[in-house]
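Every number in this text was worked out from the coordinates using simple rules, so none of it is lab data. What you are looking at is a predicted structure, and each value in this text was computed from that prediction instead of being measured. FYI the Cβ positions are ideal-geometry reconstructions off the backbone, even for glycines, and counts take in every protein chain you see.
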């Protein structure tokens, strides 16, 4: 995956997860912000389950970060 998504796409990534399950999806791209958030939420839930942890508060969609890298 290149550093910058294609025009009109949103990218997402999990960081700080030192160990990951096999074939774990930790980054992705989507055509809409809502779809990117949904993909991120699924990856986060998968990681929490694998790590034997549970979410204490609902996952919230934050403000987008605009960056070139």
Fill in the blank from the handout: Fewest to most Cβ atoms within 10 Å: 46, 22 sort as 22, 46
Practice task
Subtracting the Cα-Cα distance from 0.36 nm times the residue separation, let me have the gained length for residue 59 to residue 41 in nm, one decimal.
Solution key: 5.7 nm
Handout entry: Computed label-point distance, nm, for sites residue 66 and residue 32 using a 7 Å Cα→Cβ extension
Key = 2.1
Practice task
Neighbouring Cβ atoms within 10 Å as the yardstick, rank 25, 32 fewest first.
Solution key: 32, 25
Problem - Cα→Cβ-extended label distance, 7 Å offset, between residue 25 and residue 50, nm - result: 1.3
Handout entry: 54, 31 arranged by Cβ crowding within 10 Å, fewest neighbours leading
Key = 54, 31
